[in-house]
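Asker: Right, I'll just put the structure down here and ask away after.
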Amino acid sequence: MHKIAFQLGGFTIYWYGVLVAVGFLAGLWTASRRALLAGVRSETIVDLGPWLILGTIVGARGLFVISYWREDFAGDSWWQIFNIRRGGLVFYGGLIGASLSSLIYVRLKKLPAWKIADILAPSIPLGHAFGRIGCLMNGCCYGSSCDLPWAIHFPETHETHGAAVHPTQIYESSLNLVFYALLAWLYRRKKFDGEIFALYLLGYAALRAFVEMFRGDYTTYYLGGRATPAQVLSIFIFAAGAVLWCALSRSNAKVRNAKS
């Protein structure tokens, strides 16, 4: 854990922000290269970048503020809503925000929505992998206590008080990298537009629900204390992915039958 990357004059630059920015750039660059396979100009994806950044930040911060309003923002601390340099972004909120901003962009530019979604989908876990290392440097999203050989220790001043905990940030970062490689491989073999994005929703929901089993930073649980907030959201994301895949698959089958 080492929050500060460097000082720029009197301004402090945090590793969390640096790594999130690197993740955005890596995801955007790989998506722009993938666009060429679909006959879409790289510049189209690059132009989408600002929309993705804005949607992600607004969505991720918005869901965090809603989730932790009483603990962190009520009263005189409401102005901290705008302080994101040290963390405080919820991934699912960012995913929803980025999806909505992308939808607005493709509607304005009259682009094929599901084709663009497939181009972007493999790059989401790549960018997320960098973001989770940012969480590790920041000391957030930490794991529950464990005595495994690969357990990690945060400083005594951390919420874990130096106890051995699961390196959940590393778990999720590593799984996201594997997921990125799998989706990039599947992209070249997809059968219909929207398939890769639907598979991303299905796969990430399962991945996230698994990693959440080892998280130790939550104060609120649902379903009788058996599920974290992210696990509950994962159920809905998985269901959305399943519905989307079935709907697009059937639509594609009807189109093929009509042509035959």
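The values are calculated or read from the model by the stated rules, or taken from the named source; none is laboratory data. It should be emphasised that the depicted structure is a prediction, and the values quoted were computed from it without experimental measurement. Ideal geometry is used to build each Cβ from the backbone, glycine not excepted, and the neighbour counts take in all protein chains shown. All accessible areas refer to the heavy atoms of the entire protein, side chains included, with ligands and DNA or RNA removed. Shrake-Rupley method; radii C 1.70, N 1.55, O 1.52, S 1.80 Å.
Table: residues versus (1) within 21 Å of the chain's Cα centre (by Cα); (2) farther than 21 Å from residue 31 by Cα; (3) of a type in the set (Ser, Thr, Tyr).
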| site | (1), (2), (3) |
| --- | --- |
| 104 | yes, no, no |
| 108 | no, no, no |
| 134 | yes, yes, no |
| 179 | yes, no, no |
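This table checks each residue for (1) in a helix (DSSP H, G or I); (2) exposed (fewer than 13 other Cβ atoms within 10 Å of the Cβ).
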{"position": "225", "(1), (2)": "no, yes"}
{"position": "236", "(1), (2)": "yes, yes"}
{"position": "240", "(1), (2)": "yes, no"}
{"position": "258", "(1), (2)": "yes, yes"}
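Asker: Answer yes if at least one residue in the stretch 134-144 is more than 28 Å from residue 94 (Cα to Cα) and touching an Asp or Glu at 6+ places or on another chain (Cβ under 9 Å), and no otherwise.
Answerer: No, the stretch 134-144 contains no residue that is more than 28 Å from residue 94 (Cα to Cα) and touching an Asp or Glu at 6+ places or on another chain (Cβ under 9 Å).
Asker: Can you name every residue in the stretch 190-217 that is under 10 Å from residue 118 (Cα atoms) and among the β-branched types (Val, Ile, Thr)?
Answerer: Answer for the stretch 190-217, where residues must be under 10 Å from residue 118 (Cα atoms) and among the β-branched types (Val, Ile, Thr): just 196.
Asker: Name the residues in the stretch 162-172 that are at pLDDT 95 or above and open to solvent by 10 Å² or more (accessible area, probe 1.4 Å), would you?
Answerer: 163, 164, 166, 170, 171 - these are the residues of the stretch 162-172 that are at pLDDT 95 or above and open to solvent by 10 Å² or more (accessible area, probe 1.4 Å).
Asker: Looking at the structure I just gave you, is residue 76 acidic (Asp, Glu), open to solvent by 30 Å² or more (accessible area, probe 1.4 Å) and at pLDDT below 80?
Answerer: Yes: the conditions hold for residue 76.
Asker: Open to solvent by 30 Å² or more (accessible area, probe 1.4 Å), over 23 Å from residue 63 (Cβ atoms) and part of a helix (DSSP H, G or I) - does that describe any residue in the stretch 197-219?
Answerer: yes
Asker: Oh, and also: Which number in (1) in contact (Cβ under 8 Å) with a residue 40 or more places away in the chain; (2) under 17 Å from residue 141 (Cβ atoms); (3) among the aromatic types (Phe, Trp, Tyr) marks the one condition that residue 221 misses?
Answerer: Against the list (1) in contact (Cβ under 8 Å) with a residue 40 or more places away in the chain; (2) under 17 Å from residue 141 (Cβ atoms); (3) among the aromatic types (Phe, Trp, Tyr), residue 221 comes up short only on (1).
Asker: Search the stretch 138-151 for residues being at pLDDT 95 or above and buried (at least 19 other Cβ atoms within 10 Å of the Cβ), and hand back the single one that is nearest to residue 27 (Cα to Cα).
Answerer: 142
Asker: Restricting to the stretch 83-125, count the residues that are at pLDDT 90 or above, part of a loop (DSSP other than H, G, I, E, B) and open to solvent by less than 20 Å² (accessible area, probe 1.4 Å).
Answerer: Final tally of qualifying residues: 2.
Asker: Here's another thing I want to ask about it. Can you give me the number of residues within the stretch 1-24 that are without any contact (Cβ under 8 Å) to a residue 60 or more places away in the chain and assigned to a helix (DSSP H, G or I)?
Answerer: Of the residues in the stretch 1-24, 1 are without any contact (Cβ under 8 Å) to a residue 60 or more places away in the chain and assigned to a helix (DSSP H, G or I).
Asker: Exactly one of these conditions fails for residue 135: (1) outside any helix (DSSP H, G or I); (2) modelled with pLDDT under 95. Give me its number.
Answerer: Residue 135 satisfies every listed condition except (1).
Asker: So which of 250, 189 ends up being open to solvent by 20 Å² or more (accessible area, probe 1.4 Å) and outside any helix (DSSP H, G or I)?
Answerer: Details: 250 fails: outside any helix (DSSP H, G or I).
Checking each option against the conditions leaves just 189.
Asker: Right, another one. Would the stretch 26-35 turn up any residue that is at pLDDT 95 or above, under 25 Å from residue 185 (Cα atoms), open to solvent by 60 Å² or more (accessible area, probe 1.4 Å) and in a helix (DSSP H, G or I)?
Answerer: Looking through the stretch 26-35, at least one residue is at pLDDT 95 or above, under 25 Å from residue 185 (Cα atoms), open to solvent by 60 Å² or more (accessible area, probe 1.4 Å) and in a helix (DSSP H, G or I).
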